[in-house]
Amino acid sequence: MFADTPEPPYIAVIFTSLRSDADAVDYGTTAARMMELAQQQPGFLGVESARGSDRLGITVSYWTDEASITSWKRHFEHMEAQANGRARWYEQYVLRICHVKKQSEYSAAR
């Protein structure tokens, strides 16, 4: 599903990752918990995520401001998940933070 974001400006955090083959069950449980926690954070606007069969995933979370992103980064459970990601779940990742200035939408009539 698409995130229900407001009119810009807002901030997008783009997390592109290559998963390892390790511990898929524990990863899924942790990912679900992180989603639950992120939705409770002040400044969180929404998230969109996809992962291909090649283990490449892209998750984009949307936030009102950089202070909200910093607060989420420092959340104790999120910090634990980040450490596990580096140690167990990811072969590689890139994190990008972008300011969204404009958006446009399209939806086919059905």
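Once you charge only the Cβ atoms, +1 for Lys and Arg and -1 for Asp and Glu, what is the size of the charge dipole of the chain about its Cα centre, to the nearest 20 debye?
220
Applied to segment 45-60, the Karplus parametrisation 6.51 cos²θ - 1.76 cosθ + 1.60 on θ = phi - 60° returns per-residue 3J(HN,Hα) values of 10, x, 8, 9, 8, 8, 9, x, 5, 7, 6, 7, x, 10, 10, 10 Hz, with x for Gly and Pro. Applying 1/(1 + (r/R0)^6) with r as the Cβ-Cβ distance of M1 and K102 and R0 = 22 angstrom yields a FRET efficiency of 0.55. Karplus-derived 3J(HN,Hα) values for segment 71-84, using 6.51 cos²θ - 1.76 cosθ + 1.60 with θ = phi - 60°, are 4, 5, 4, 8, 4, 4, 5, 5, 4, 5, 5, 4, 4, 5 Hz; glycine and proline are entered as x. Overall form of segment 6-46: oblate. Here a/c, set by the Cα gyration tensor axes a ≥ b ≥ c, is 1.5 or more, and a/b is not larger than b/c.
Within segment 1-85, report the trypsin sites (Lys or Arg not before Pro) that DSSP leaves as loop and that have at most 12 other Cβ atoms within 10 Å.
Passing both the DSSP loop test and the Cβ count: R74.
Set against the 2.2 N^0.38 Å expectation for a compact globular protein, the chain has a Cα radius of gyration ratio of 1.12.
Taken together, the values in this text are just the output of simple stated rules run on the coordinates, not laboratory data. The structure presented is a predicted model; accordingly, all values stated were derived computationally and were not measured. We place every Cβ from the backbone using ideal geometry, glycine too, and count neighbours over all the protein chains shown.
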